[in-house]
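Chemist: This is the structure I want to talk about, given as structure tokens.
The values are calculated or read from the model by the stated rules, or taken from the named source; none is laboratory data. Nothing here was measured: the structure is a model prediction, and the numbers come from that model. Cβ sites come from the backbone with ideal geometry, for glycine too, and all protein chains shown count toward neighbours. Surface areas here come from the heavy atoms of the whole protein model, side chains and all, with no ligands, DNA or RNA. Shrake-Rupley method; radii C 1.70, N 1.55, O 1.52, S 1.80 Å.
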Amino acid sequence: MTADCLFCKIVAGNIPATTIYEDDDVIVFNDIKPMAKVHFLIVPKLHLDSLKSCDVSHQQLLGKMLLLAPKLAAEQGLQGFKTLINTGREGGQEVFHIHVHVFGGGLPNT
Ligand code: 5GP
Ligand code: ZN
């Protein structure tokens, strides 16, 4: 846990979120400002700033996050979906705890 990280606070249960899935490694919750009918974030419990902070030791975790996308999208009633990982401020990242966006049911403009 990184003390001033918003998503670490959600992982710790210190900030509420609408959680749709959780296990030992990952938490998945709805985005607070959804850009589509369905918009959730797949977040590892381990604090990693961004994809730039990942190495081969995170391969399994990253794979697990990606494989959760179709499973959870189907559970949310989606036939198809869009995924997005923003990396770095210039890449549109605002929360520096890595996460995969999943959008569906009306796709975002950005
Ligand atoms: P980024 O731009 O870093 O890829 O995406 C960060 C996302 O986190 C944004 O879509 C934003 O709406 C979402 N977000 C920011 N603060 C909160 C929060 O407190 N709770 C939830 N559930 N989502 C948040
Ligand atoms: Zn964090």
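Chemist: What ³J(HN,Hα) values, in whole Hz, does the Karplus curve 6.51 cos²θ - 1.76 cosθ + 1.60 give for segment 33-50 when θ = phi - 60°, with x put for Gly and Pro?
Modeler: For segment 33-50, the Karplus curve yields 10, x, 9, 7, 4, 10, 8, 10, 10, 9, 10, x, 5, 5, 6, 9, 4, 6 Hz.
Chemist: Still on this structure, please answer the following. Any idea which of Thr19, Gln60, Leu84 is furthest toward the positive side of the dipole for segment 7-95, if Lys and Arg beta-carbons carry +1 and Asp and Glu beta-carbons -1?
Modeler: Leu84
Chemist: I need the fraction of alpha carbon pairs in segment 6-110 separated by more than 16 Å, rounded to a whole percent.
Modeler: 55 percent
Chemist: Could you tally the net charge around Phe103, taking each other residue with its Cβ under 13 Å from the Cβ of Phe103, Lys/Arg +1 and Asp/Glu -1?
Modeler: That sum, taken over residues with Cβ under 13 Å, equals +2.
Chemist: About its Cα centre, what dipole magnitude does the chain give when the only charges are +1 on Lys and Arg Cβ and -1 on Asp and Glu Cβ, stated in debye to the nearest 20?
Modeler: 280 debye
Chemist: Under the rule of -39500 (n - 2.57) per DSSP H run of 4 or more residues, summed and divided by the residues of the chain, what mean residue ellipticity at 222 nm is obtained, to the nearest 500 deg cm²/dmol?
Modeler: -7000 deg cm²/dmol
Chemist: Right, another one. Compute the angle between helix 59-75 and the longest alpha-carbon principal axis of the chain, please, reported from 0 to 90 degrees and rounded to the nearest 10.
Modeler: 30 degrees
Chemist: Say each of Asp25 and Leu51 gets a label point 7 Å from the Cα, pointing the same way as Cα to Cβ; how far apart are those two points in nm?
Modeler: For the pair Asp25/Leu51, the computed spacing is 1.9 nm.
Chemist: Considering only protein heavy atoms and a probe of 1.4 Å, how much of the accessible area of the chain is carbon and sulfur, as a whole percent?
Modeler: 53 percent
Chemist: Can you give the relative contact order of segment 1-44 as a percent, counting alpha carbon pairs under 8 Å and 6+ residues apart?
Modeler: Reported relative contact order: 25 percent.
Chemist: So, one more: What are the semi-axes of the equivalent ellipsoid for segment 1-64, taken as the square roots of 5 times the Cα gyration tensor eigenvalues, largest first, in whole Å?
Modeler: Here the semi-axes work out to 20, 15, 11 Å.
Chemist: Using amide H atoms built 1.01 Å from N in the peptide plane, name the residues 5+ places from Val26, or on other chains, whose amide H lies under 5 Å from its own.
Modeler: Lys45
Chemist: Could you work out the relative contact order of the chain, using alpha carbon pairs under 8 angstrom and six or more residues apart, expressed as a whole percent?
Modeler: Relative contact order comes out at 31 percent.
Chemist: Determine, for each peptide in 12-23, 60-71, 33-44, the mean count of other beta carbons within 10 angstrom over its residues, then list the peptides with the highest first.
Modeler: 33-44, 60-71, 12-23
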